[in-house]
Every structure is written in structure tokens, then in C-alpha cells.
Amino acid sequence: MGSKKETMAAIQELQVQDIINTGLANSKEEAQKVWKKKKASKFWKHIWNHRGFYLMFLPVAIFVIILYYWPMLGIRFAFFDYKPVGDPKWVGLANFQKMFSTRAFWISFGNTLFLSILKLLLTTATSVLVAVFLNEMRLLWAKKTLQTLIYLPHFMSWAVVAAIFSLMLSPSATGMINGILKDLNIIDPDGSGIYFLANKAWWRPIFFLINIWKETGWGTVIFLATLSGINPELYEAADIDGASRLQKIWYVTVPALSQTIIIVLILNLAKVMNMFESVFVLYNSAVFDVSDVISTYIYRQTFTNALPNYGYSTAVGLFKSLVGGGLVILCNWASKKIRGRGIL
Amino acid sequence: MKKRLVAILLAVATTMSLVACNGGTPSSEVVSGQTGSETTKEYDLTSIKMVVDGTLTANLDNRQDAFVEQWQEAIKEKTGKDVALNINQLDHSGYVDAVGRLFAGGDYPDVMIMPASMFAQYANTGLLWDMTEAYDNAEFQSRIEKPEINESLKRDGKLYGFSPAYGNGCVTYVKKAWLDKVGMNASDIKTYDDYYKMLLAFTNEDPDGNGKNDTYGTDAAGFLKADEAPYINYLPEFWQDAYPAIYQNDQGQWVDGFQEEATKKALERLQKAYKDGVIDPAALTDSTKTAREKFFSNDQAGSSGSFAYWAGTWYQTLTDNLIKNEVDSELVMLEPIKEVGSYINREAPVWVIIDDGDGDNSREQAIFDTFIDTMLDGGKIQVLWTYGAEDVHWSTKAESFVLNAGTDKEKSYEYKDGEFHLKQSPNDENTLWKKNAMDPALVISPLVGDYAGFTNTSELAAQGNIFFVQHCKDAHPSPVSDVLTENNGTIIDAKNAVISKVVVEGGDIDAALADYKAAVGSIIDQALEDLNSK
């Protein structure tokens with residue numbers, strides 16, 4: 001079987017031959033010119049025939065160009081020393097040299113990948129588990145109530161979530177979790193509590209737990225939709241075969257979800273470099289080594305300096321974008337391999 | 001391949017819209033919000049765009065509209081011109097960040113307030129208008145009583161920022177009821193050992209009387225305010241003679257105080273205090289607001305007995321809140337312990353005018369004349385900046401009102417016609433209004449004429465100011481260095497890392513300081529070389 005390019009060439013050849021046969025041209029060269037003219041005319045005719053649709057698309061195109069592509073001109077500042085004061089000065093690759101030789105940058109890069117990917121795996125896994133559990137619930141009112149309850153945290157802003165958990169996890173006398181641990185004699189009742197959000201060993205587990213609490217409910221939506229589409233005959237057949245409830249989950253439900261799980265993972269993998277808000281509201285200087293991500297690093301370099309160099313921030317942002325772009329391509333490739341079509 | 005290219009472009013576009021959406025308005029393109037053509041003779045000023053932090057207490061919740069309206073009327077009366085005052089009041093605790101975001105968006109005000117450390121970085125950049133001549137010729141010159149305040153702000157003989165008041169600073173407040181409960185007197189706290197014993201007593205002897213071991217000796221928003229000069233004023237007893245920043249020593253040499261022995265000793269004290277539980281363990285992550293509210297919260301579990309905070313008006317405010325929350329009726333200002341010697345008078349925040357860079361000073365001069373010169377007119381406009389709007393924040397009309405009516409803290413006020421007095425706060429009828437942007441006790445030029453008798457009736461605020469003036473010394477001036485400016489964020493991170501490792505994690509001080517040196521030592525050395533070569 002020939003490639004798409006070869007097929008198109010063959011079609012073109014046939015159309016050129018047809019032009020000669022119908023007497024519109026005397027030679028092959030002349031026929032090819034006529035074919036090109038017809039093709040161009042067909043293109044504009046298509047536009048004209050569908051002008052309503054194209055007119056409707058125009059505002060969207062303008063919106064995208066202005067809001068997404070116009071700002072991209074700012075990329076040039078990655079090669080400038082650009083402060084709020086004075087004209088930008090060309091510095092070549094100096095900002096990149098500084099970036100690659102800065103320890104804090106590499107820490108933030110590593111943290112971005114680690115926190116994002118593990119968070120993705122954990123929230124996906126818990127979402128699947130909860131979705132399967134909800135699917136097995138027979139009491140409809142209980143199922144609906146539980147669904148509503150676990151969806152709610154998703155709609156809370158990260159600032160509110162951070163305030164709630166900071167109070168609960170506070171090491172001072174008012175911290176609820178430390179109070180319980182002291183009451184249960186798990187930690188020294190007379191000692192200071194665990195500083196969960198300022199302790200390098202605790203920060204990441206707490207971060208993942210908060211993310212699971214906040215996002216698991218919402219994550220179940222897509223899996224519940226898939227589960228509702230499973231053919232009931234499969235369960236009936238399993239019943240006839242004498243399968244237990246757990247066996248039905250393992251041999252019917254989970255395989256049915258596998259394709260969706262992979263799609264969710266692939267689609268979210270492309271977004272791993274964008275982590276910001278959840279970290280920003282929960283981290284502090286004591287845990288930068290385990291919590292600082294590229295976006296928070298950019299934020300600090302830009303906005304905690306009275307006179308920041310936007311050029312450096314842009315260079316870090318550009319690097320982040322290139323890695324993000326690479327991940328999009330990777331996910332597109334993975335998507336093609338697994339489900340036969342890409343995500344782009 | 002096309003799809004891959006599209007993928008890359010999409011990803012880049014999405015992310016870059018976050019980090020590089022500035023269209024690129026360098027300072028040379030900064031334009032003013034005024035309309036009308038600029039001439040070298042007279043500029044037709046029609047509006048002033050002002051950016052300010054929380055020091056303007058007549059905020060949106062406290063009838064800022066009345067302040068603006070009366071300011072505009074007073075300016076019209078004084079200059080005969082209609083000038084609209086447009087205030088953009090930014091979050092106080094995140095002011096530097098917020099200003100950075102404004103500038104990143106190319107949104108430059110006409111006039112703004114800058115904290116000292118921010119001013120040090122901007123002073124020589126060309127963004128700020130050189131107001132030396134305007135200042136020297138200002139109408140208020142004949143009334144200025146403390147010319148040294150603005151003289152000290154000059155860089156190479158040029159004045160880029162104006163301060164109408166001196167800086168103020170923090171003093172240590174102690175709850176009197178807690179002192180009584182643990183059987184101590186503030187007058188007996190003379191040394192660090194005395195102070196530490198007091199903190200231990202507050203921590204271990206249940207001073208709030210709830211039967212639980214849930215109180216602390218002291219609290220602060222962070223152990224070191226690495227991004228805000230003078231850095232150490234929220235825990236002065238622990239930092240003592242240390243100054244963990246670049247400063248000029250007695251020999252005139254610029255040195256890094258963070259690497260000095262005094263800082264090491266301070267870190268040892270903080271480490272021990274944290275381990276002993278006398279500092280609220282959440283201090284590292286507490287914001288200023290959180291630490292303040294814990295201090296006067298009606299639930300004293302988790303509160304502390306001493307708290308270093310701003311002198312003057314805040315003495316009144318903290319006391320009012322303690323009374324309102326039925327915690328205590330008296331706060332004691334602790335005299336500086338022997339090892340501290342004096343509290344620190346910070347470098348004053350300054351008002352700056354943004355230079356549009358067109359080489360014509362008429363616009364900037366007009367802003368100076370209208371905004372800054374009138375600020376200390378000794379009359380109506382100075383009263384507006386000092387106390388707020390007439391009949392909203394203060395009045396001279398006969399009236400009577402009651403604070404905390406129906407409680408045992410009830411207090412009545414009665415004033416005769418013509419008697420200057422502050423009114424109830426617009427946003428809290430149980431609190432007396434205290435001041436607006438300028439503290440009457442700190443201002444460098446007095447009210448005169450009919451307004452000379454307008455004095456702050458808050459006794460505590462006045463006492464606080466007198467106490468502070470008697471017990472303060474000036475802070476080290478902030479260094480001006482491109483190297484420091486370029487690497488400020490990295491240096492702050494490195495300092496915070498040391499504090500966390502030593503105080504919270506109880507790590508080795510020498511190792512933590514070695515890490516600091518490894519991380520930013522070369523930057524610091526370069527900055528010191530730069531500063532000492534000038």
C-alpha cells in the first residue's frame with residue numbers, strides 16, 4: 001500500500017489526465033497549470049460557500065492571535081536584561097547561563113516533575129478506586145450524597161484550602177491534628193507539635209493528601225461516565241459464570257476502565273509543567289528544597305524583587321515551555337500508539 | 001512534523017502568556033495619565049494617579065471617598081485647579097510584589113510610596129524624578145523641624161524621594177495581666193536572661209488561666225524579615241546587636257552582617273528558644289496579620305505574652321483590641337534590654353514621583369507642587385493626611401458618643417463645639433479613629449495657625465511615640481548596588497534557608513552558614529567589592 005503522499009500524487013495525475021482527455025489542455029504542462037488554477041478556485045469557492053462559518057470563526061481567530069500568539073513576542077526578552085526601569089539590553093544567552101548554573105532552578109525543575117507526575121498518578125488512582133466504589137453502591141441516595149460531598153472540595157479555591165489546612169496542621173497549641181496526636185500520646189504531649197507544612201519530610205505527603213482530598217471527587221466524573229457505559233450483559237454473563245463481586249470488578253469493571261485511565265493520564269501528562277497555585281499557597285522558605293516548582297521559582301524571581309529582571313524570568317519560562325512542548329509531543333506519540341489517534 | 005510544530009507553538013504560547021505577557025514598555029516610554037500638552041512653563045495637571053500601601057488608613061473600608069473628595073476640594077481652594085486624585089491602594093504585606101506586577105504590566109503611577117529597601121534599589125535607576133530643587137524651594141521649607149530626615153535620603157546630593165515623617169519602629173509589648181499572673185514586673189526585665197525567664201514563665205505557667213499548657217512567650221511573623229529593612233525589629237531581644245544584612249560598619253566598610261559572629265549568636269538564641277517552645281512554633285509561616293491577631297484574639301490558647309510591634313498608634317490599637325476581646329486592659333512597653341540597647345528607627349518610607357523621561361520637568365514639578373508640597377502645608381491638607389476627612393474621621397463640632405456600649409469596657413466621649421476630636425472609626429463604631437497616613441507625632445513639620453491645636457487625643461499613641469523616641473537609634477542605611485538588586489531574591493532565599501535549617505530543624509549553625517556562603521557567597525563578595533569601591 002502506498003503512502004498518503006503517493007495516493008495524492010496518483011489522484012492528481014488522474015485529474016491532469018482527465019483535463020487532457022476533455023480537451024481543456026493540449027499538453028501535460030498546460031494541463032497541470034489548469035489543474036492548479038482549478039484547485040485554487042475550488043479553495044476560494046469553498047471559503048465563499050462556507051463564509052458564514054468562517055465569519056463566525058473570525059472573532060475566535062482574532063482572540064487566539066491577540067491573547068495567545070501576540071504575547072509570544074515577549075519571548076525575545078529571554079535574551080535581554082529587562083528591568084522595569086531603562087531600556088532592555090541585549091545579553092545573548094546570559095540569562096540561560098545564569099539559569100543553568102543556579103541550584104535553585106534545578107531543584108525547582110526536579111520538584112516540578114516529581115510533584116506533578118506523582119500527584120497525577122495518585123489522584124488518578126484514587127479517582128478510579130472511588131469511582132469503582134461509587135459504582136458498586138446500591139443505595140442511590142447514599143451514592144448521590146457521597147458524590148456531592150466528594151465533589152465539593154474541587155470548587156473551593158486553593159487559598160481557602162490552604163488556610164483550612166494551615167490551621168488544622170499548625171504546630172502551635174491551636175493545631176487540630178497535633179492536638180489529636182498529643183491526646184493519643186503519639187507525639188510528646190508537652191513538646192511542640194509536628195510542623196507539617198515546614199518540615200521537609202512531611203511537606204510532600206501532606207501536599208499529596210490535600211490534592212487527593214481536593215481533586216479525587218472531581219476526577220471520578222469521567223470514570224463514572226465510562227462505568228455507566230459498560231454493557232450490563234457482561235456482568236450478567238459473569239454472574240452466570242459464578243463470579244464473585246470482587247471478581248466482577250477485577251475482570252469486567254477494571255478492564256473497561258483501562259482505556260479511560262490511560263487517556264486521562266496521557267492528557268494530564270502534557271500539563272505537568274504548569275503546577276503553581278497549589279504549591280504557592282502551601283509552601284514556605286523552610287521547604288523550598290522539596291516544594292519549589294518552576295512557576296513558584298519564576299514568581300519569586302520576578303515579584304519578590306523590587307527591581308526584577310524580567311529577562312531572566314522569561315528565560316526560565318521559555319525553558320519550561322520547551323519542556324512542556326516536548327511533553328505534549330511525547331503524549332501525542334503515546335496517544336497514537338495506545339488508542340490509534342493523537343491528542344493534537 | 002506540522003503537528004509537532006503546532007504542538008510546540010501551542011505549549012510555548014500558553015506558558016509564555018503567563019511569564020512574558022508584558023508588551024515591553026521600557027521606562028523611556030512611560031507616559032503620564034494626564035491630558036493636555038506639556039510645556040516647560042506650566043503643566044496643566046488634571047489628575048494624579050497614586051499608589052500606596054496600607055499606611056493610608058483611610059482605606060476603602062474607612063471612607064476613602066470622603067478623604068479624596070475633601071483633598072480635591074482643598075487643592076482646588078489652594079491652587080485654583082481641579083485635580084482628580086486616583087488612589088490605587090495595594091495589599092500592605094505584599095506591596096513590593098504588587099508594585100512589581102504593576103510595573104510588569106507597564107502601569108506606572110504618577111506618585112507612590114516606597115519602603116526604604118525598595119527605594120534604595122530604585123533611587124539611581126532614572127525612574128524616579130530628581131526632586132532636589134523642588135524640595136529646596138518647597139513652600140513647607142520654613143516650617144520643617146527635622147530637615148535631617150530628608151537630607152539623609154539624598155544619594156550623591158540628589159533627592160529622589162520625600163519623607164514627611166521619620167521612620168518609626170517596633171517596641172516590645174507585654175500583656176500586663178500575664179505579667180501579674182506569673183508574678184513579674186516589666187521594670188525588672190533588664191537583661192536577656194530576665195527576658196528569657198519571662199518567656200519561659202509565659203510558656204509554662206498557664207498565664208491565661210485555662211488550665212492548659214497552650215501559651216507561648218512570644219510570636220512574630222517569621223524569625224527574620226529578610227525582605228524588609230530593618231529585618232530584625234520583630235524579635236529584637238534575640239537578634240540584639242546582630243544586623244543580618246549588608247551594612248556599613250563603624251569603620252565605614254560595607255560588610256555582610258549575616259556572616260558575622262553576632263548573627264551566629266542570634267541564631268543560637270533563636271534555636272534554643274524554639275526548642276524550649278517559648279516562641280510560637282508556627283512563627284515561620286505566620287503572616288504579620290496572623291501573628292498580630294493571635295496576640296489579641298479572644299481565645300488566648302496559642303497566644304503569646306510578648307509581641308514586638310510598631311510603636312505609637314499601634315500601642316493604642318493593640319490595647320483597644322485586647323480590651324475589645326476582653327483579654328487584658330493594659331499593655332506594657334518593655335524598655336530595651338541591656339543587650340538590645342535601643343530599638344531600631346527604620347529608614348522612613350518615601351513618596352516618589354515617577355519621571356516620564358521626556359526631559360521636561362514641568363509635569364513632575366506640577367505633581368510635586370500639588371501633591372507633595374501641599375502635604376505639609378501646616379493646614380487643611382496636612383490635616384487630611386494626618387487625621388483624615390473632616391466630620392468623617394475627625395470633627396470640631398459638638399458631639400458625644402459611646403464606645404463598647406453595654407459592656408464593662410464602655411467609654412463615653414463628649415466634645416464641645418470647636419473642640420478638635422477624633423470620631424469613631426467608620427468601619428468599627430467601638431474603636432476610636434487614630435490617624436490617617438501621617439502620624440502626628442512623627443511628622444517633620446507641625447500644623448500651624450487655626451490647625452495648631454489639632455492634636456491627637458489618643459494618650460496611648462502619644463505615650464508610645466515618646467517612649468520610642470527615647471529608646472531608639474537609626475537603622476543602617478540600605479545599600480545601593482546593582483549586584484544586590486539583581487540577586488535580591490536569591491539572597492533572601494538563602495537567608496531563609498539558614499533560618500529554617502537552624503531554628504526550625506535545629507541544624508548545625510556553622511553548616512547552615514557554610515551552605516549560605518556556598519549559595520550566595522560570591523554574589524555577596526561581588527556586592528561588597530562594588531560598594532566598598534565607591
For segment B:295-315, the count of residues that are under 22 Å from the mean Cα position of the chain (by Cα) and modelled with pLDDT of 90 or more equals 10
What number of residues in segment A:67-99 are under 14 Å from A:TYR312 (Cβ atoms), of a type outside the set (Lys, Arg) and assigned to a helix (DSSP H, G or I)?
-> 10
Taking segment B:376-414 and keeping only residues that are of a type in the set (Ser, Thr, Tyr) and out of contact with any Phe, Trp or Tyr (no Cβ under 6 Å at 6 or more places or on another chain), one is left with B:THR386, B:SER395, B:SER400, B:THR407, B:SER412
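Can you tell me which residue among B:LEU447, B:LEU422 is within 28 Å of B:VAL171 (Cα to Cα) and without any contact (Cβ under 8 Å) to a residue 60 or more places away in the chain? Full working, then the answer.
Values: B:LEU447 fails: without any contact (Cβ under 8 Å) to a residue 60 or more places away in the chain.
Among B:LEU447, B:LEU422, only B:LEU422 is within 28 Å of B:VAL171 (Cα to Cα) and without any contact (Cβ under 8 Å) to a residue 60 or more places away in the chain.
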With criteria (1) closer than 23 Å to B:GLU145 by Cβ; (2) more than 25 Å from the chain's Cα centre (by Cα); (3) not in a loop (DSSP other than H, G, I, E, B), B:GLY453 comes up short on (3)
Tell me which of these B:GLU419 doesn't satisfy, since it passes every other one: (1) in the same structural domain as B:ILE144 (by TED's automatic domain parsing); (2) out of contact with any strand residue (DSSP E or B) (no Cβ under 6 Å at 6 or more places or on another chain).
-> (1)
Residues located in segment B:107-124, provided they are touching a residue at least 40 places away in the same chain (Cβ under 8 Å) and within 9 Å of chain A (Cβ to nearest Cβ) | B:TYR108, B:MET114, B:PRO115, B:SER117, B:PHE119, B:ALA120, B:GLN121, B:TYR122
Residue identified as at pLDDT 90 or above, more than 23 Å from the chain's Cα centre (by Cα) and surrounded by fewer than 21 Cβ atoms within 10 Å (Cβ to Cβ) among B:LYS416, B:LYS423, B:LYS411 | B:LYS416
Do the conditions hold for B:TRP394, that is, is it touching a His at 6+ places or on another chain (Cβ under 7 Å) and more than 30 Å from B:GLU228 (Cβ to Cβ)?
-> yes
Can you confirm whether segment A:81-89 contains a residue that is touching a residue at least 24 places away in the same chain (Cβ under 8 Å), of a type in the set (Asp, Glu) and within 12 Å of chain B (Cβ to nearest Cβ)?
-> yes
Answer residue from segment A:248-275, given it is within 11 Å of chain B (Cβ to nearest Cβ) and buried (at least 17 other Cβ atoms within 10 Å of the Cβ) and is nearest to the chain's Cα centre (by Cα) among those | A:ALA270
For segment B:212-220, state whether one or more residues are farther than 26 Å from B:GLY464 by Cα and hydrophobic (A, V, I, L, M, F, W, C).
-> no
Does A:ASP239 fit the bill of being surrounded by fewer than 20 Cβ atoms within 10 Å (Cβ to Cβ), closer than 27 Å to A:LEU327 by Cβ and either among the hydrophobic types (A, V, I, L, M, F, W, C) or in the same structural domain as A:SER116 (by TED's automatic domain parsing) (or both)?
-> no
Can you pull out the residues in segment A:142-191 that are in a loop (DSSP other than H, G, I, E, B) and within 12 Å of chain B (Cβ to nearest Cβ)?
-> A:LEU169, A:SER170, A:PRO171, A:SER172, A:ALA173, A:THR174, A:GLY175, A:ASP188, A:PRO189, A:ASP190, A:GLY191
Hey, any hits in segment A:302-317 for a residue that's under 29 Å from A:TRP202 (Cβ atoms), in a helix (DSSP H, G or I) and touching a Pro at 6+ places or on another chain (Cβ under 9 Å)?
-> yes
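Going through A:VAL279, A:VAL287, A:VAL316 one at a time, which residue ends up being at pLDDT 85 or above, surrounded by 18 or more Cβ atoms within 10 Å (Cβ to Cβ) and away from chain B (no Cβ under 12 Å)?
Answer to the check: A:VAL279.
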Does segment B:229-248 include one or more residues that are in contact (Cβ under 8 Å) with a residue 40 or more places away in the chain, part of a helix (DSSP H, G or I), of a type in the set (Asp, Glu) and within 14 Å of another protein chain (Cβ to nearest Cβ)?
-> no
When B:ASP428 is run through (1) free of Cβ contacts under 8 Å to residues at least 12 places away in the same chain; (2) under 30 Å from A:ASN305 (Cβ atoms), the failure sits at (2)
Is there any pair linking a residue in segment A:1-26 that is in a helix (DSSP H, G or I) to one that is of a type outside the set (Ser, Thr, Tyr) and modelled with pLDDT under 85, with Cβ under 6 Å and at least six apart or on different chains, and which?
-> A:ILE19/A:ALA25
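The values are calculated or read from the model by the stated rules, or taken from the named source; none is laboratory data. Just so you know, these numbers come straight off a predicted model, no measurement behind them. Neighbour counts run over all protein chains shown; Cβ positions are idealised from the backbone, glycine included.
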